[in-house]
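Worksheet: one structure, shown below.
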Amino acid sequence: MSNSPQRLIGGVEAGGTTFRCAVAQSPQDILAETTIATRGPEETLEDVISFFAKHPSVQALGIASFGPLNLDLSDPGYGTLADTPKLDWQGYPLLRRLRERLNVPAHLDTDVVAAGMAEYQLGCARGAASLVYITVGTGIGGAYLINGQPNPGLKHAEMGHIPVARAPDDDFPGCCPFHGDCLEGMASASAIFQRWQCPPEQLPKTHPAWRLEAYYLAGLCLVLMRTLAPHAIVLGGGVLQAPGLIEQVRDEVYHGLAGYHALSPEDLKKVILKPGLAPNSGLFGSLLLAPGQERETAKQAKTVPRTAP
């Protein structure tokens, strides 16, 4: 394959736990991929470079990264990681390093933006005029997209750090090192583990953790619906793999709306969605970020009816 004349694209889904790398003809036609444990930045990047060195036909690279990220094109620090809890990654020039080492044009955005782009173009929210993608894992992140493109702001969205109304009788202090009991501090996988001393995937469906989780995630959905009124809210990440959780979230949202939006439970099945591409939304999205690729595939996004997964 290294001698192939075809134009290939590369994708890097840079996560706090693992880096996933792929070489593809298109996001739906992946030819090779690998998963690399996230360690220190230089050590991790050497493995990334080694993978792509085996595929010299790659001509453009997309990077979907954990954050926070500096995405200000006018800033000399564009493409670097900001105040991430992973201290050895703070200030690391991820975009510049990969551009220099691979000598290809590259583009970087947040992992949630990339996942949202993938779900808009290829997944459960195909063609949605406005879309919020939320990931609930070790942390909580979100992105707001209009016609498949991220809505620019002063900084990229940090929806996991919005303040939330506490559930009645909930005295858990929260685990966010910055804000304590923000959404991430109360409803992330880290919060679930600290609250119950058990990882989410080991909690039974009937555990009271899921009632609280549905309450807090519904609170986020209600805020989004009352402020941005998106056509689709996609709830992804490892925590959302819990059986029945998204149904509980929809129920909480329905009761929280109290008839104000005149949305029925059936309507909410078409608004609050699980990713159609999981667990590959972020990886496909990284490939869509490769310069030139997104323009080529945007025409695939057509408005189609959305139904509950």
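The values are calculated or read from the model by the stated rules, or taken from the named source; none is laboratory data. Keep in mind the model is a prediction, meaning the values are calculated, not measured. Glycine gets a Cβ as well: all are built from the backbone with ideal geometry, and neighbour counts include every protein chain shown. Surface accessibility is based on the protein's heavy atoms, side chains included, excluding ligands, DNA and RNA. Shrake-Rupley method; radii C 1.70, N 1.55, O 1.52, S 1.80 Å.
Reported count of residues in the stretch 163-183, each being at pLDDT below 95 and under 19 Å from the mean Cα position of the chain (by Cα), is 1.
Take Arg97 and decide whether it is open to solvent by 10 Å² or more (accessible area, probe 1.4 Å), part of a helix (DSSP H, G or I), among the basic types (Lys, Arg) and at pLDDT 95 or above. Criteria met by Arg97.
Selection within the stretch 268-300: residues that are at pLDDT below 95 and in a helix (DSSP H, G or I). The member of this set that is nearest to the chain's Cα centre (by Cα) is Glu294.
Glu43 passes every criterion in (1) farther than 18 Å from Leu289 by Cβ; (2) open to solvent by less than 80 Å² (accessible area, probe 1.4 Å) apart from (2).
In the list Asp83, Asp111, Asp88, which residue meets the criterion of being within 21 Å of Ala278 (Cα to Cα) and open to solvent by 40 Å² or more (accessible area, probe 1.4 Å)? Asp111 is the lone residue from the list that is within 21 Å of Ala278 (Cα to Cα) and open to solvent by 40 Å² or more (accessible area, probe 1.4 Å). Tell me, yes or no, whether the stretch 222-242 has at least one residue that is part of a helix (DSSP H, G or I), touching a helix residue (DSSP H, G or I) at 6+ places or on another chain (Cβ under 7 Å) and free of Cβ contacts under 8 Å to residues at least 60 places away in the same chain. Within the stretch 222-242, one or more residues are part of a helix (DSSP H, G or I), touching a helix residue (DSSP H, G or I) at 6+ places or on another chain (Cβ under 7 Å) and free of Cβ contacts under 8 Å to residues at least 60 places away in the same chain. Within the stretch 190-210, the set of residues being in a helix (DSSP H, G or I) and either touching a Cys at 6+ places or on another chain (Cβ under 6 Å) or surrounded by 14 or more Cβ atoms within 10 Å (Cβ to Cβ) (or both) comprises Ser190, Ala191, Ile192, Phe193, Gln194, Arg195, Trp196, Pro200, Ala209, Trp210. Taking the stretch 84-98 as the range and being over 22 Å from Ala115 (Cβ atoms) and not aliphatic (A, V, I, L, M) as the test, the residues that pass are Asp88, Gln90, Gly91, Pro93, Arg96, Arg97. Condition check for Thr84 on (1) at pLDDT below 95; (2) hydroxyl-bearing (Ser, Thr, Tyr); (3) within 16 Å of Asp109 (Cβ to Cβ); (4) touching a Lys or Arg at 6+ places or on another chain (Cβ under 9 Å): one failure, at (4).
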